[in-house]
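Single-structure report; data block below.
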Amino acid sequence: MTSIAFIPPQSARILSGSDDATARVWDVAAGTQVAALAHGGPVTAVAVTPDGLRYASASSNNTAKLWNAANNQQIAEMKGDLRNQKIVAELTTDDAEAKAASPSP
């Protein structure tokens, strides 16, 4: 298990992430697994919205997924190294600003 988050509102369930490429929902009182969400890569972080209606999982394979807690279905996926995307965006912005500030030939 690499990560864990309590699921509100009663915190009777937890969401865990694991190197086996799954995020799992557990019933704390019964000690049983309620659901397994196939992320597709080692899950390094999990989170739950304050209302408990959505789960998020992130993986070392550069993906993050958003899940519907009611039916455990994937809602969205983000792919790529977001740090590199930010660097490219910053460089692109800097380049555009530099070109705008330079005199025309």
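Only the coordinates and a few stated rules stand behind these numbers; no lab work does. Everything numeric here is computed off the predicted structure, so don't read it as measured data. Positions of Cβ are backbone-derived with ideal geometry, glycine not excepted, and every protein chain shown enters the neighbour counts.
Fully extended, how many nm does the chain gain between Asp20 and Asn71 (0.36 nm per residue separation, minus their Cα-Cα distance)? Could you put the intermediate results ahead of the total?
Details: separation 51, 0.36 × 51 = 18.36 nm, distance 2.13 nm.
Computed gain between Asp20 and Asn71 is 16.2 nm.
Please compute the net charge surrounding Lys65, taking Lys and Arg as +1 and Asp and Glu as -1 over other residues with Cβ under 13 Å from its Cβ. Before the final figure, lay out the partial values.
Details: positive: Arg54, Lys79; negative: Glu77.
Residues near Lys65 contribute +1 overall.
For the stretch 20-75, just say rounded, prolate or oblate: build the C-alpha gyration tensor, square-root its eigenvalues into a ≥ b ≥ c, call rounded for a/c under 1.5, and beyond that prolate if a/b exceeds b/c, oblate if not. Before the final figure, lay out the partial values.
Working: a/c = 1.90, a/b = 1.33, b/c = 1.43.
Oblate shape, in that a/c is at least 1.5 and b/c is the bigger or equal ratio.
Contour minus end-to-end for Leu53 and Asp27, with contour as 0.36 nm per residue of separation and end-to-end as the Cα-Cα distance? Let's see the in-between values first.
Numbers: separation 26, 0.36 × 26 = 9.36 nm, distance 1.60 nm.
Separation in residues times 0.36 nm, less the Cα-Cα distance, equals 7.8 nm.
Once label points are set 7 Å from the Cα along Cα→Cβ at both Ser60 and Ala45, what is their separation, rounded to one decimal in nm?
With each label placed 7 Å out from Cα toward Cβ, I get 1.5 nm.
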